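Asker: One structure is given below, represented as structure tokens, and several questions about it will come after.
The values are calculated or read from the model by the stated rules, or taken from the named source; none is laboratory data. This structure is a prediction, so every number in the text was calculated from the model and none was measured. Here the Cβ positions follow ideal geometry from the backbone for every residue, glycine too, while neighbour counts run over all protein chains shown.
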Ligand SMILES: Cc1cc2nc3c(=O)[nH]c(=O)nc-3n(C[C@H](O)[C@H](O)[C@H](O)COP(=O)(O)OP(=O)(O)OC[C@H]3O[C@@H](n4cnc5c(N)ncnc54)[C@H](O)[C@@H]3O)c2cc1C
């Protein structure tokens, strides 16, 4: 039986002011629109009224509906943010995934204009045979370009090419005021630098033009480098950052003593023109696709079930140790790997997150200036071990600063940690995150909304600093005077008085 809330007849927030029954009726939306919308990590979800328009007029109509009903809207792409960045409890979810047309493609210049719901996968599959690859991709190919630009995503090459925003040539954005603004580095530059990374709080991208990278082969040359400590990992990265196109580290967070922070770095480089003798073949989409089976036998769609017995402390300790020891065997053995194979490692096992059921996972990623990174990240590993809450996957990246208002990047390193959530550990996990936050803030570090689940309002103010927060909020008031665009993340870190 549906509840009064599901029928759309109850007040929708615990903190909503008392309103009359006429006001309830004004706020009512069709109950058949109600769906459970999930954070990617599955540790959070919300019941929302979901609308999936296919045109700009359709987005505008949802904006008008929300205004008429006194509702707020969470913009949503593919829902690949780990936490609550694209969910909003009991309000409207505006899902852009049906707006995925490729509007223009210039194969001479490598410039592409797409609708916001076009995925990273749609783009590379469309352009690679012409010899173009996106400058910046995430560890999964499924995010939409609207979501990727709203978070200003980074890749394993952030130290070399910056975030995706550095490769956005222009975009159109529909503001809640009803205006469409065209923005680039020449026009509406303030909005350009704030909406990129503005986590969907200023307006809805309706089209985005990107520049892509010319590639002369469908393969990269990849070298694994085993590292016995975090200090060695950082040394390897620093020695190679001027010549590498991509660098990414994996860290075994279970290792102790002299092995604390041990891991594996992968360096990848593009092939120069002429190095690949059959580029037309390696650049074909089917030669990029990730295989559907493991060793031609086990369908990958069921692999998450085999992973499940290892998604606990004992199993993950074993897997991490095995990965480190096997990395010794392949040390410095360079090999060719497709762009998709190298970039989208996290897509190898479809729905691997289901092995974290029933309570899901959160990711904690912090960014720390270069000179403080070693100390902060070593202390983060020790803290995890002290709490008995050790990340099952630790990923280490090198970053460079950029010019976007809400940037998460800096001249330093980031450490991304995947934590299993259980019914018993939730409170301690949030306490561990708060302790790790303190280290990051003291070191002048930053956080990343695409990954966040635990940041508090006071810690947000501490790391972003008041001037930046006020600048963003002032822009929000101009673009969105009725505060139509809101997510649970925005509410938690900007509107909440707690923590
Ligand atoms: C396995 C995995 C690996 C990942 N690896 C990386 C990585 O390597 N680097 C990295 O940077 N990130 C990474 N991410 C995070 C992911 O790239 C970002 O969260 C990205 O924003 C997801 O895009 P989405 O389309 O799913 O957007 P959603 O998660 O649905 O939304 C993200 C934000 O964009 C806003 N938004 C969505 N559409 C629009 C629009 N049209 N206009 C304005 N705002 C909009 C939403 O309101 C929200 O604030 C990873 C995520 C996963 C699950």
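Asker: Being surrounded by fewer than 19 Cβ atoms within 10 Å (Cβ to Cβ) and in contact (Cβ under 8 Å) with a residue 12 or more places away in the chain is the filter here; which residues of the stretch 105-121 pass it?
Answerer: Scanning the stretch 105-121 gives 105, 107, 109, 111, 121.
Asker: Taking the conditions exactly as written (in a loop (DSSP other than H, G, I, E, B) and free of Cβ contacts under 8 Å to residues at least 24 places away in the same chain), does residue 186 satisfy them or not?
Answerer: Judged against the criteria, residue 186 is a match.
Asker: Determine which member of the set 365, 337 is more than 16 Å from the ligand (Cβ to nearest atom), modelled with pLDDT of 95 or more and not in a helix (DSSP H, G or I).
Answerer: Within the list 365, 337, the selection yields 337.
Asker: Still on this structure: Give the number of residues within the stretch 96-123 that are assigned to a loop (DSSP other than H, G, I, E, B), at negative phi and either more than 13 Å from the ligand (Cβ to nearest atom) or at pLDDT below 95 (or both).
Answerer: Qualifying residue count for the region: 4.
Asker: Next up: Would you check if residue 231 is more than 17 Å from residue 129 (Cβ to Cβ), modelled with pLDDT of 95 or more and outside any strand (DSSP E or B)?
Answerer: Criteria met by residue 231.
Asker: Report the residue count in the stretch 386-405 for those that are farther than 29 Å from residue 316 by Cβ and either without any contact (Cβ under 8 Å) to a residue 60 or more places away in the chain or within 11 Å of the ligand (Cβ to nearest atom) (or both).
Answerer: Final tally of qualifying residues: 1.
Asker: Please work out which one of (1) in contact (Cβ under 8 Å) with a residue 40 or more places away in the chain; (2) more than 8 Å from the ligand (Cβ to nearest atom); (3) surrounded by 21 or more Cβ atoms within 10 Å (Cβ to Cβ) is the condition residue 203 fails and give its number.
Answerer: Here residue 203 meets the rest and fails (2).
Asker: Since residue 444 meets every condition but one in (1) over 23 Å from residue 400 (Cβ atoms); (2) modelled with pLDDT of 95 or more; (3) surrounded by fewer than 17 Cβ atoms within 10 Å (Cβ to Cβ), which condition does it not meet?
Answerer: Every listed condition holds for residue 444 apart from (1).
Asker: Now for a separate question. For residue 212, indicate whether it is under 22 Å from the mean Cα position of the chain (by Cα), away from the ligand (no atom under 15 Å from the Cβ), more than 30 Å from residue 68 (Cβ to Cβ) and surrounded by 22 or more Cβ atoms within 10 Å (Cβ to Cβ).
Answerer: yes
Asker: Further question: Restricted to the stretch 124-169, and to residues that are more than 8 Å from the ligand (Cβ to nearest atom) and at positive phi, which residue is nearest to the chain's Cα centre (by Cα)?
Answerer: The qualifying residue nearest to the chain's Cα centre (by Cα) is 162.
Asker: Take residue 359 and decide whether it is farther than 23 Å from residue 137 by Cα and either at pLDDT below 95 or in contact with a helix residue (DSSP H, G or I) (Cβ under 8 Å, 6 or more places away or on another chain) (or both).
Answerer: Criteria met by residue 359.
Asker: If you scan the stretch 402-418, which residues turn out to be under 22 Å from residue 199 (Cβ atoms) and touching a strand residue (DSSP E or B) at 6+ places or on another chain (Cβ under 9 Å)?
Answerer: 407, 408, 409, 410, 412, 414, 415, 416, 417, 418
Asker: Related question: Taking the residues in the stretch 343-362 that are within 16 Å of the ligand (Cβ to nearest atom) and under 14 Å from residue 421 (Cβ atoms) as candidates, determine which candidate is surrounded by the most Cβ atoms within 10 Å (Cβ to Cβ).
Answerer: Out of the qualifying residues, it is 362.
Asker: Residues of the stretch 215-262 being crowded, with 21+ Cβ neighbours inside 10 Å and out of contact with any strand residue (DSSP E or B) (no Cβ under 9 Å at 6 or more places or on another chain), which ones?
Answerer: 254
Asker: Applying the selection to the stretch 143-169, what residues are more than 18 Å from residue 245 (Cα to Cα), touching a helix residue (DSSP H, G or I) at 6+ places or on another chain (Cβ under 7 Å) and not in a helix (DSSP H, G or I)?
Answerer: 143, 152, 168
Asker: Same structure, new question: Could you list, in sequence order, the residues of the stretch 449-463 that are in contact with a strand residue (DSSP E or B) (Cβ under 9 Å, 6 or more places away or on another chain), more than 16 Å from residue 435 (Cβ to Cβ) and surrounded by fewer than 23 Cβ atoms within 10 Å (Cβ to Cβ)?
Answerer: Across the stretch 449-463, the qualifying residue is only 460.
Asker: Please state which one of 277, 302 is out of contact with any helix residue (DSSP H, G or I) (no Cβ under 7 Å at 6 or more places or on another chain), assigned to a loop (DSSP other than H, G, I, E, B) and free of Cβ contacts under 8 Å to residues at least 40 places away in the same chain.
Answerer: One residue alone meets the criteria, 277.
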